[in-house]
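Taking it in order: structure first as structure tokens, then the write-up.
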Amino acid sequence: MKKTILTSLSLMAALILTSCGSQRKETVSVEIFNEGLRYCESTYSYEGGILIANFGSTQLDPLNTEGKGYIVRYKDGASEVLIPADGNLSGPRGMYLRDGRLFICDVNKIVVYNLSNREEAPRVIALPEGEAFVNDLAAEGNSLYASVTNTGHIFRLDITDPAQPGEPELWLEIAGPNGLVIRDGAMYVACYSPDGQARSEHVIYRIADLQNPVAEPFVTVPGQYDGIAFSGDGKSLYVTNWAPAGISRIDMQTREITPVELPLEQPLIGPADMTVAEGKIYVPDLPNSRVVIFEE
């Protein structure tokens with residue numbers, strides 16, 4: 001394990017949470033991890049720490065084909081490269097792990113690594129032509145769902161055997177699907193406009209029945225939503241937004257949105273696919289090549 005530089009801001013701030021008409025304040029400390037990161041878009045819980053997906057590209061280009069993408073493992077102030085830049089990844093984004101197989105969204109495909117045997121060549125699952133912005137993954141049972149932002153498609157794959165996943169099949173169409181999360185049999189989708197202009201349809205959707213999918217708005221405030229994750233107690237949803245850049249908390253009962261205020265000397269620019277794990281929230285700030293870490 002390689003010890004890393006963990007820059008602590010040593011600042012405290014009020015996190016304002018609104019519930020049932022009253023306000024309470026929680027102080028949170030914020031840390032920044034940035035060593036060895038290059039355009040990090042996604043995080044994923046892994047063995048008591050997190051995985052961080054990096055483009056590694058010369059410039060910030062989510063559709064690059066440079067093959068410089070890599071995955072960093074971070075835990076307790078230390079990091080290592082779990083998957084090096086082996087030419088198979090260019091713009092790695094959302095991840096999902098089952099039975100030692102790590103599924104990674106990457107531009108127009110899903111790349112599957114066997115973490116039990118890293119010398120094994122990864123399996124590549126190609127998406128149909130034109131599906132250029134494969135973004136996030138979430139699973140329920142033996143079905144893995146993959147969002148494609150540029151076409152508005154969500155695909156479903158059979159992962160009964162993760163070593164031999166099925167072919168992607170179109171499951172649902174929705175405006176700009178980006179982040180995905182599933183809890184209690186329902187999927188929540190954070191939507192993002194590929195052209196950068198948030199419209200009325202770019203909101204947070206809920207799909208209550210995955211067998212008969214119908215997308216219904218859960219939060220109707222338009223945004224450039226990216227990451228989405230449940231709080232540890234399941235009572236709230238956290239979402240990241242590029243316009244305006246920030247993080248918000250959505251009360252699952254009232255659906256009220258409350259911005260999360262963080263004491264950052266350099267403001268967030270592009271908060272992306274976050275992870276909530278072990279009482280902490282890990283938010284990759286893509287253009288700034290850093291992960292912002294704070295307690296729930």
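Remarks
- Total residues in segment 211-245, condition of a type in the set (A, V, I, L, M), in contact (Cβ under 8 Å) with a residue 12 or more places away in the chain and more than 20 Å from THR43 (Cβ to Cβ): 4
- In segment 134-161, the residues that are farther than 30 Å from GLN197 by Cβ and crowded, with 20+ Cβ neighbours inside 10 Å: LEU144, LEU157, ILE159
- Condition check for SER200: surrounded by fewer than 15 Cβ atoms within 10 Å (Cβ to Cβ) and either part of a loop (DSSP other than H, G, I, E, B) or β-branched (Val, Ile, Thr) (or both): yes
- Selection count where residues are over 17 Å from the mean Cα position of the chain (by Cα), closer than 19 Å to ALA272 by Cβ and not in a loop (DSSP other than H, G, I, E, B), scope segment 203-231: 1
- Options ASP106, ASP99, ASP76; residue that is loosely packed, with under 14 Cβ neighbours inside 10 Å, out of contact with any Phe, Trp or Tyr (no Cβ under 6 Å at 6 or more places or on another chain) and under 23 Å from VAL291 (Cα atoms): ASP76
- Residue match in segment 18-29 (condition: in contact with a Ser or Thr (Cβ under 9 Å, 6 or more places away or on another chain), under 19 Å from PRO271 (Cα atoms) and modelled with pLDDT under 95): yes
- Pair list, Cβ < 6 Å and 6+ apart or interchain, from segment 265-277 residues that are closer than 11 Å to VAL292 by Cα to residues that are outside any strand (DSSP E or B): ALA272/LEU286
- Taking every residue in segment 138-159 that is in contact (Cβ under 8 Å) with a residue 60 or more places away in the chain and over 14 Å from PHE103 (Cα atoms) and pairing it with any residue that is among the β-branched types (Val, Ile, Thr) and surrounded by fewer than 22 Cβ atoms within 10 Å (Cβ to Cβ), at least 6 positions away or on another chain, the pairs with Cβ-Cβ distances below 7 Å are GLU140/ILE182.
- Count of segment 131-149 residues which are under 13 Å from GLY179 (Cα atoms) and not in a strand (DSSP E or B): 2
- Filter result for GLY185 (modelled with pLDDT of 95 or more and surrounded by 15 or more Cβ atoms within 10 Å (Cβ to Cβ)): no
- Which numbered condition ALA208 fails, given (1) surrounded by fewer than 20 Cβ atoms within 10 Å (Cβ to Cβ); (2) in contact (Cβ under 8 Å) with a residue 60 or more places away in the chain: (2)
- Of all the criteria given as (1) crowded, with 20+ Cβ neighbours inside 10 Å; (2) outside any strand (DSSP E or B), the one not satisfied by GLY234 is (1).
- Residue in segment 157-169 that is modelled with pLDDT of 95 or more, among the acidic types (Asp, Glu), farther than 22 Å from LEU51 by Cα and not in a loop (DSSP other than H, G, I, E, B) present: yes
- In segment 202-211, the condition of being in contact with a His (Cβ under 9 Å, 6 or more places away or on another chain) and not hydroxyl-bearing (Ser, Thr, Tyr) is met by no residue.
The values are calculated or read from the model by the stated rules, or taken from the named source; none is laboratory data. Because the structure is predicted, anything quoted here is derived from the model rather than measured. Neighbour counts run over all protein chains shown; Cβ positions are idealised from the backbone, glycine included.
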